[in-house]
Each structure stands twice: as structure tokens, then as C-alpha cells.
Amino acid sequence: MELIRKRLLEYDMDPVLTDFLAVLLMILFIGVLCIAANFLTKKVVLRVITHFIIHNKFEWDDMLLERKVFHRLSHIVPAIIIYYFSSTFPDYQLFIEKAAMTYLIVVGIMVTNSFLTAFNDIYLTFEISKIKPIKGYIQVIQITIFILGGIVVIAHWLGESPFILLSGVGALSAVLLLVFKDSLLGLVAGIQLSANDMVRVGDWIEMPKYEADGDIIDISLNTVKVQNFDKTITTIPSYALISDSFKNWRGMQASGGRRIKRSLFIDTKSITFCTDEMIEKFKTIQFLSDYITAKEREITEYNAKNNIDRNNPVNGRALTNIGVFRAYITQYLQHHSGISKDMTLIVRQLAPTENGLPLEIYAFTNDIRWHVYESIQSDIFDHLFAVAAQFGLHIFQNPSGNDFRNMMEHLGGNVGRREIGN
């Protein structure tokens, strides 16, 4: 700036005006230099870096580009230029240096923040990210960096050591614990969730307390986001997964089989011993022919061995239509292409209720996809509802309005016929 001042004085200008113009020209020079440096950095250097990143075979550096790590680094150049020329203005040198250094610290914080976010994006491309998410830890580091950066900026303007301010933070620990309560609880919960492998991104969980029933799409420091099956999003506090109960369906997904547990309610009045005609009819059913033959032989041998009088059907052993139907369902499921043969398969009777005798099917499909599972389950029960009548069994159903109407019409017809007869 002294050189500019001397040049202006050669034109016999007023010294006060000369000083003012010298400062103004120096500010313009520094401004033009900063703009040129910033332009050169963004239009040349960044374009070269972007071209190189886009056209190489690596994918991780694309994340750095998307998070604008290099773009924010470019802001350092003007601040360095301003800091370097601060000695040109002796009266304001200290203020300019502090302002430039503050700007450098802020830019450094923003670059670090973008880098950490990009690092998390890179980590998410690996399969292990679904098992061990690190987003919560990244957020803790980001919060720490922002706090430390703020302390360094304040200390720099006060001209004190940052460690003096850090020592004062201890006195504010109670306030900090209160302010960052959720973040601290989330951090502890995140560590426990990760260490115990309780949830992963992609897990299907149910948490009725929060009306959550769907897949986890994000695990962060404070929250876990669940996309419900109706496409709504439920946000659950991370620590709630530690303190409250929830159901994780990952075990079902990993097993490759999804459970069917549903009952047919049989009207107990339709349960009876099998007649000879019924037995001959059952022998024509593909899944029952071998079973009926084997059972007949077994029952005949038992009754003969024990000298049982079969003139009364109560004596000895005999086939029942409910027992044959249960055997048929078992054979039907064992031959069904949608049922897993390597997992539990049971057809059992439960305790009778006012709605009849529950005949429960407990089996697993060999496909866990929801629409496939529902299709298999529906096909099975469509068939069983249709064939129950072939065994002389009635599916229990409470009488409907139509049943009462038919009964009244029947009774009315009988009354009419009796009156005509009289």
C-alpha cells in the first residue's frame, strides 16, 4: 500500500486524499485478487477434480463430490489471501486477522462436517452398514466438532486459551446434560442397539405403543424411522427401543419361512363315527387311500385282539370324520408346494369353545414375501372350507339375518299348511 501511496503523491495530490485512495485501491486490489482466486479455484481446479472423479472407476469419491467437500475447501483460498494482506492495514490488522481466522475455522468445521456426512454415505454402500450403522456416532462427532469450534472462535476473539473456556464447561455440565439429554440417551441407546444387534436398517419391527409396523429406513443418534406398510413414517426415539418392548421380524425373514397359525371352527354336532359308505368314499381320495387302509388294518387287529363287540359303535376303536379330516389336512399340507417341509407342520385340535371345535393349522410357508404368503394361506383355506362338507363336517358360523328369515319363512309355511289341513 505504501507503493500505491508514493505513486499517488507523485501527482501532487492532497496527502489526506492520497491516504484514502491508497486504502481504497488496496481494498479493491485484495477484493479482485480474492475473486480471481476463488474463480480460478472453482472454474479450473474444481472442474479438473470433478472430471477426474466422474471418470474414474471408484465410487466413494463421488460421495465427496455430492457432499460438496471440495467446493467448501475452495473458500479457504480468499481467507488466506485476506489474512496474508492484513499487515497492509496496521490499525486494523488484529481485527482482520481474527476475522479471517474465524472464517477459516468456520470453513474448516463445514468441510469436516461434509466429509463426515460423505464418510457415512460411503459406509452405507457396504452390507455391514445394515448390521452396524454408524450414523449416530457420526452425529455425535459432528456435534462435538461444532461445540469445540465455537469454543475456539470465542477464545480467539477473547484472546484467551481455549483450554480456559473448556475448564469452565465443567461447571456447566449439569446444564449441558439437561440440554443434550435426548442426544446422550440416544447415544447410549445407539451403542446398546449396535452392540446387541437389536435392530438393523431393513428390519421389519412392530411397536404398538408408537403405532409402528413396518421396515426401518434410518437409524440416527436420536431417532429410528420406520416406514409403515401404509407408507406413512413413524419416528421412534432411539432409547425407546431399549426401554420399551417391540417385535423384530428379522428371525422370520432369516429363516426363509413365515408362519401360518389359523383355525377352522367345526360344528361339534357334525362330528360322528365313519360309516362303511364314508370309509369307501374316503378311500377314493388320493391323499387318504393309504391312510384309510393302514388305519382299518390297525383298528381291526386291535379290536380282534381285545375281543371287542363292534355291534355297538361305542365299543373299541373306530374312525371318526374329524380324525380323517385332520389326517387329510396333514397330507394336503405335506404335498403343498408352498409349505416348507423342513419346518414345523402340525394340525391339532384346541379346546372346544362356544364357536365349535378349533382345528388349528400350524405350518410355515417357504416364501416370506407378504403377497405370496397371503396367497398361499388363502389358497389353503379356500380348499379346506370347500372340502369340509365332503367329510360330513360343518364349519361353524353364527346364524345371520338371512338364516333367521329362512327359519321364519319355514315356520310360517308349516303353520299355513296346518291351517289348511284343519
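Taking the criterion of being within 17 Å of residue 344 (Cβ to Cβ) and either in contact with a helix residue (DSSP H, G or I) (Cβ under 9 Å, 6 or more places away or on another chain) or without any contact (Cβ under 8 Å) to a residue 40 or more places away in the chain (or both), the residues of the range 229-263 that qualify are 251, 254, 258, 259, 260, 262.
Just one of the listed residues (377, 349, 331) is within 39 Å of the chain's Cα centre (by Cα) and farther than 15 Å from residue 261 by Cα, namely 331. Kindly evaluate residue 109 against the criterion of being modelled with pLDDT of 85 or more, part of a helix (DSSP H, G or I) and open to solvent by less than 30 Å² (accessible area, probe 1.4 Å). It is true that residue 109 is modelled with pLDDT of 85 or more, part of a helix (DSSP H, G or I) and open to solvent by less than 30 Å² (accessible area, probe 1.4 Å).
For (1) under 36 Å from the mean Cα position of the chain (by Cα); (2) open to solvent by 30 Å² or more (accessible area, probe 1.4 Å); (3) among the basic types (Lys, Arg), each residue gets a yes or a no:
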site: 219; (1), (2), (3): yes, no, no
site: 227; (1), (2), (3): yes, yes, no
site: 237; (1), (2), (3): yes, yes, no
site: 257; (1), (2), (3): yes, no, no
site: 270; (1), (2), (3): no, no, no
site: 275; (1), (2), (3): no, yes, no
site: 283; (1), (2), (3): no, yes, yes
site: 291; (1), (2), (3): no, yes, no
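Note on the range 42-79: among residues that are in contact (Cβ under 8 Å) with a residue 24 or more places away in the chain and open to solvent by 90 Å² or more (accessible area, probe 1.4 Å), the one that is nearest to residue 122 (Cα to Cα) is 60. Screening 1, 26, 13 for residues that are out of contact with any Lys or Arg (no Cβ under 6 Å at 6 or more places or on another chain), at pLDDT below 80, over 30 Å from residue 119 (Cα atoms) and open to solvent by less than 50 Å² (accessible area, probe 1.4 Å) leaves exactly one candidate, 26. Taken over the range 120-137, the criterion of being part of a helix (DSSP H, G or I) and either charged (D, E, K, R) or out of contact with any Phe, Trp or Tyr (no Cβ under 7 Å at 6 or more places or on another chain) (or both) is satisfied by 120, 121, 123, 124, 128, 130, 131, 135, 136, 137. Residues of the range 71-93 that are in contact with a Ser or Thr (Cβ under 8 Å, 6 or more places away or on another chain) and either at positive phi or modelled with pLDDT of 80 or more (or both): 72, 74, 77.
Going by the conditions given, is residue 303 of a type outside the set (Asp, Glu), more than 51 Å from the chain's Cα centre (by Cα) and over 29 Å from residue 396 (Cβ atoms)? Write out each step before concluding.
Working: of a type outside the set (Asp, Glu): yes; more than 51 Å from the chain's Cα centre (by Cα): yes; over 29 Å from residue 396 (Cβ atoms): yes.
Yes.
How many residues does the range 190-217 hold that are in a loop (DSSP other than H, G, I, E, B) and either within 12 Å of the chain's Cα centre (by Cα) or touching a residue at least 24 places away in the same chain (Cβ under 8 Å) (or both)? Don't jump to the end; show me each part of the working.
Let us first name the residues in the range 190-217 that are in a loop (DSSP other than H, G, I, E, B), namely 196-203, 211.
Next, from what is left, pick out any that are either within 12 Å of the chain's Cα centre (by Cα) or touching a residue at least 24 places away in the same chain (Cβ under 8 Å) (or both): 197-203.
Looking only at that region, the number is 7.
Conditions tested, residue by residue: (1) farther than 30 Å from residue 385 by Cα; (2) among the aromatic types (Phe, Trp, Tyr).
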| site | (1), (2) |
| --- | --- |
| 227 | yes, no |
| 233 | yes, no |
| 238 | yes, no |
| 244 | yes, no |
| 256 | no, no |
| 282 | no, yes |
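Residues checked against (1) loosely packed, with under 14 Cβ neighbours inside 10 Å; (2) among the charged types (D, E, K, R); (3) within 24 Å of residue 288 (Cβ to Cβ); (4) modelled with pLDDT under 95:
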position: 329; (1), (2), (3), (4): no, no, yes, no
position: 337; (1), (2), (3), (4): yes, no, yes, yes
position: 342; (1), (2), (3), (4): yes, yes, no, yes
position: 352; (1), (2), (3), (4): yes, no, no, yes
position: 356; (1), (2), (3), (4): no, no, yes, yes
position: 367; (1), (2), (3), (4): no, yes, no, yes
position: 371; (1), (2), (3), (4): yes, no, no, yes
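For the range 88-103, the criterion of being open to solvent by less than 40 Å² (accessible area, probe 1.4 Å), farther than 24 Å from residue 220 by Cβ, more than 30 Å from the chain's Cα centre (by Cα) and aromatic (Phe, Trp, Tyr) is met by at least one residue.
The values are calculated or read from the model by the stated rules, or taken from the named source; none is laboratory data. What you see is a predicted model; the values in this text were computed from it and never measured. Positions of Cβ are backbone-derived with ideal geometry, glycine not excepted, and every protein chain shown enters the neighbour counts. Side chains included, ligands, DNA and RNA excluded: accessible areas come from the protein's heavy atoms. Shrake-Rupley method; radii C 1.70, N 1.55, O 1.52, S 1.80 Å.
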